[in-house]
1. Taking residue 149 as the anchor, which aspartates and glutamates have their alpha carbon closer than 15 Å to its alpha carbon, excluding any fewer than eight residues away along the same chain?
2. Counting only residues 5 or more places away or on other chains, whose amide H sits under 5 Å from the amide H of residue 197 once H atoms are built in the peptide plane?
3. Taking only protein heavy atoms into account and a 1.4 Å probe, give the accessible area per residue of the stretch 127-185 in Å².
4. Sorted by packing (mean other beta-carbon atoms within 10 Å per residue), highest first, where do 101-111, 120-130, 32-42 land?
5. Given a 1.4 angstrom probe, I'd like the percentage of the accessible area of the stretch 60-170 that is carbon and sulfur, rounded to a whole number.
6. Counting only residues 5 or more places away or on other chains, whose amide H sits under 5 Å from the amide H of residue 70 once H atoms are built in the peptide plane?
7. Which of the residue pairs 57/140; 20/122; 24/122; 24/106; 38/140; 24/57 have a Cα-Cα distance greater than 30 Å in the structure shown?
8. For the chain, what does the helix formula give at 222 nm: sum of -39500 (n - 2.57) over DSSP H segments with n ≥ 4, over the residue count, nearest 500 deg cm²/dmol?
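The values are calculated or read from the model by the stated rules, or taken from the named source; none is laboratory data. Everything quoted here is computed from the prediction, not taken from an experiment. Virtual Cβ from ideal backbone geometry, glycine too; neighbours counted across all protein chains shown. Just the protein is used for accessible areas: all its heavy atoms, side chains included, with ligands, DNA and RNA removed. Shrake-Rupley method; radii C 1.70, N 1.55, O 1.52, S 1.80 Å.
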Amino acid sequence: MKFRKARFELFNQLFWDTFKNYEKIKILDVGGTESFWKDQKILQSGNVDVIILNLSKEPVSTPHISSMAGDATNLSEFEDNSIDLVFSNSVIEHLYTWDNQVLMAKEIRRVGKKHFVQTPNKYFFLEPHYALPYFQFYPKSLGYTILTKTKLSRFQKWDPKQAQQYMDEIRLISENEMRQLFPTSTIHHEKFIGLNKSFYAHNL
């Protein structure tokens with residue numbers, strides 16, 4: 001939570017520096033949630049609308065937040081440069097393959113005038129989804145056994161189907177790959193004990 005709070009403080013600063021003279025601002029949050037936005041000062045301004053896009057439409061009740069179903073790798077329902085800002089937090093690593101990650105990045109750059117995309121660093125020592133050191137480099141068979149047969153990951157045995165799903169879908173990204181995905185963006189490092197915990201790519 002501390003890292004997410006600091007991340008949003010940075011985002012807020014960059015956001016208002018960029019959009020301070022806009023009368024109306026449209027944000028597309030790819031893979032986001034209502035709870036992430038509802039208490040943020042950004043919405044209290046009254047001139048920001050957030051569209052949350054996930055695989056299925058979710059119920060929302062907060063003013064200035066709407067929800068829709070969609071595919072991060074194919075945002076064809078949006079025209080080029082039709083969104084003021086595309087935002088995505090810890091989503092692009094959940095797309096199974098590098099090809100899908102390339103497609104998502106291309107779509108973000110196409111539809112968004114600006115973007116802010118965060119993802120964990122592949123080479124950080126603690127794998128964030130399982131809270132295990134260097135788990136991302138284990139053979140998958142070993143990783144699956146650890147998740148389903150022991151309580152080493154988050155003090156619980158994982159359901160076998162959930163464990164397999166996570167191991168299939170998560171593909172962590174290196175800094176070099178992040179630069180390939182967003183070649184004209186600034187890459188900001190989120191640090192923990194001096195190490196790069198995650199990256200943000202943005203053009204704010």
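1. Answer for residue 149, where 15 Å is the Cα cut-off: 159, listed by chain and number.
2. For residue 197, the qualifying residues are 190, 191, 192.
3. On the way: 3550 Å² over 59 residues.
Value returned for the stretch 127-185: 60 Å² of accessible area per residue.
4. Working: 101-111: 20.2, 120-130: 18.3, 32-42: 15.2.
Per-residue Cβ counts within 10 Å, averaged per peptide and sorted highest first, yield 101-111, 120-130, 32-42.
5. Details: 3070 of 5660 Å².
Reported share for carbon and sulfur atoms: 54 percent.
6. Amide H neighbours of residue 70, under 5 Å, 5+ apart: 54, 55, 56.
7. Working: 57/140 32 Å; 20/122 34 Å; 24/122 36 Å; 24/106 25 Å; 38/140 38 Å; 24/57 24 Å.
Among 57/140; 20/122; 24/122; 24/106; 38/140; 24/57, the Cα-Cα distance tops 30 Å for 57/140; 20/122; 24/122; 38/140.
8. That calculation yields -9500 deg cm²/dmol at 222 nm.
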